[in-house]
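Undergrad: Please see the structure below; I have some questions.
Readers should treat all values here as calculations from the given coordinates under stated rules, not as data from a laboratory. Everything quoted here is computed from the prediction, not taken from an experiment. Methodologically, a virtual Cβ is constructed for each residue, glycine included, from the backbone with ideal geometry; neighbour enumeration extends over all protein chains shown.
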Amino acid sequence: MLTTTKGAVLEPFLTPRIAMKRLLCALLLAAAGPACAQSPSLLANCTRSANLLACVDPLGNAYSVATVGSTTYLRGFEVIGKRYWAQTNSRYGQLT
């Protein structure tokens with residue numbers, strides 16, 4: 001048995017069981033760290049009604065999808081380029 005100058009006992013080697021316990025504790029602490037300091041969600045926040053879906057992401061980009069009969073209207077705003085965009089699609093049978 002080894003001792004320090006203050007009289008504490010040092011183990012000459014780690015048993016496999018102690019080594020596994022320490023490894024498990026280290027892994028659990030490493031996994032718990034990011035969970036405590038999570039960044040805000042990168043998902044868009046959306047609102048929906050019967051024929052309209054409107055979303056805004058954390059960066060401020062926004063888009064909406066509306067359906068009227070067989071026509072779908074898409075509109076959006078891109079923050080980085082400060083651009084608005086729009087698209088209209090119509091369905092005729094199986095064709096879009």
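Undergrad: Net charge around Ala66, counting only other residues with Cβ within less than 13 Å of its Cβ (Lys, Arg = +1; Asp, Glu = -1)? Can you show the working numbers first?
TA: On the way: positive: Arg48, Arg75; negative: none.
Charge balance in the 13 Å sphere: +2.
Undergrad: Would you kindly derive the ³J(HN,Hα) couplings of region 79-95 from the backbone phi angles with the Karplus curve 6.51 cos²θ - 1.76 cosθ + 1.60 (θ = phi - 60°), listing them in order in whole Hz, with x for Gly and Pro?
TA: 5, 4, x, 6, 10, 9, 9, 8, 8, 10, 10, 10, 10, 10, x, 9, 8
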